[in-house]
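Here's the structure we're looking at; comments come further down.
Where a number appears in this text, it was derived from the coordinates with a stated rule and is not lab data. Note that the structure is a prediction, hence the values are computed from the model and not measured. Here the Cβ positions follow ideal geometry from the backbone for every residue, glycine too, while neighbour counts run over all protein chains shown.
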Amino acid sequence: MFECVIAEDEELLRTSLLLQLQEAWPELRVVAECEDGASALEAIAAHKPDVAFLDIRMPGLSGIEVAAALAEVSPRTQVVFVTAYDQYAIDAFEQGAVDYLLKPVARDRLQATVQRVQARATAGRPDPAVLDELLRHLARRPPEPSAPPPLAWITANTGRETRLIMLDEVVYFRADSKYTVVVTEDGEALLRTPLKELLEVLDPNRFRQVHRSTIVNLAAVAAVVREEGGKGRLRLKRRPETLPVSPPFMALFRGM
C-alpha cells in the first residue's frame, strides 16, 4: 500500500485534494494532513511516505524548503508540488521529473500525476539531482512586486509596559500556549500572537523555525552543534542558553 502526506495551509483546499485522491487513487493511505511546513517536515520524517503533496506557500517553511530537506529526512519520498498559477515555477517543473498540480486541482491532471508517481515508485528511489536542480531554480525566482515588505518591528508586553521591539533585536521566539515569548539579548516579553501567525509575517531569509515551538534569528546564531540521534542545538552569540533543534529541522542546516 502506498502512503502519502498532504501539506496545504487552506483547510478547504486540503480537504478537496484529499477527496480527489481518494477517488483517483483508492489504495493510497494518507498518513498525515498538515497545515504548515514544520508539521509537514515532521510528518514526513516520522512516516517516510511514498509521496508528499506540498503546497509551495505555507507559513514558516515553504514546500520548497521541506522538499530540500527530504534528501536527509526521507530520500525515498517523491514530491508533488501544489501551487496557484505561477509561470516561473511551472516553467521549472516542466524541465524535470517533478510533478506539480495547479489550484484548483483538475481531475485529469491529478490522474496523470498519480500514474507518473506510481510508475516512478516501481523504478526505485527518486533521482535527488533532479529535485536539487529544480529547487535551485526556484530559489532564484524574482521577487513578487505585490508582496508586502517583511515585518520590521513588533510590540510586546513586559508587565504593565508595552515595548516596541525591532526585529533586529530579537534572538528567538518561543511558543507559550496561544501566545509567543519574544527573547532579546536583554530579556523576554510576551507577544499576543500565536507562533503560527507570526511565521506568516517574518522574513524567511532571516528567521528560521528549528523546532515546533521555536523560531530563531539566524543572525543571532553562533554555531550549530550536531548531537547523536539526529538532534542538534544552536549556540547563540549573546545569550547563555542553547536552543534544541528537532531531527527533521537539522536537515535545514545541511549547508552550515
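Some notes on this structure:
- Cα extents of the chain along the three principal axes, largest first (Å): 58, 40, 33
- Mean Kyte hydropathy of -0.5 or more with a Cα span along the axis of at least 18 Å, helices from DSSP in the chain: 11-24
- Annotation for residue 57 and residue 118: the two label points, set 7 Å from Cα along the Cα-Cβ direction, are 3.3 nm apart.
- Take the Cα of residue 239, step 7 Å toward its Cβ, do the same at residue 219, and the gap between the two points is 1.6 nm.
- In the frame of its principal axes, the stretch 3-139 has Cα extents of 33, 30, 28 Å, reported largest first.
- Theoretical gain in end-to-end length, residue 162 to residue 133 [0.36 nm per residue, Cα-Cα removed]: 5.8 nm
- Length added when fully stretched, residue 212-residue 84, from 0.36 nm per residue minus Cα-Cα: 43.4 nm
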